[in-house]
Amino acid sequence: MTRTEATAEPVRSLLREHHPDLAGLPLSLAARGWDNQMWRLGDRLAVRAP
């Protein structure tokens with residue numbers, strides 16, 4: 001199994017495409033799980049990604 005390193009760019013790209021109103025908010029990696037990641041989006045939101 002190959003593990004890939006997560007970057008903010010795929011998350012940011014999805015935000016630009018699906019929620020351009022949120023794409024300008026600060027984005028930072030909050031946690032990594034076995035098969036997902038949690039990204040903080042601004043002060044009150046989060047993005048969970050596989």
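Quick notes
- Contacts under 7 angstrom Cβ, first residue in region 4-26 being open to solvent by 100 Å² or more (accessible area, probe 1.4 Å), partner part of a loop (DSSP other than H, G, I, E, B), 6 or more apart: 16/23
- Among the residues of region 32-50, those that are more than 10 Å from the chain's Cα centre (by Cα) and at pLDDT 95 or above comprise 42, 43, 44, 45.
- Count - residues of region 3-50 that are assigned to a loop (DSSP other than H, G, I, E, B) and of a type in the set (Asp, Glu): 4
The values are calculated or read from the model by the stated rules, or taken from the named source; none is laboratory data. Fair warning: this is a prediction, and the values are worked out from it, not measured in the lab. Cβ coordinates were reconstructed from backbone atoms using ideal geometry, including for glycine residues, and neighbour counts include every protein chain displayed. Note: accessible area is taken over every heavy atom of the protein model, side chains too, but ligands, DNA and RNA are not part of it. Shrake-Rupley method; radii C 1.70, N 1.55, O 1.52, S 1.80 Å.
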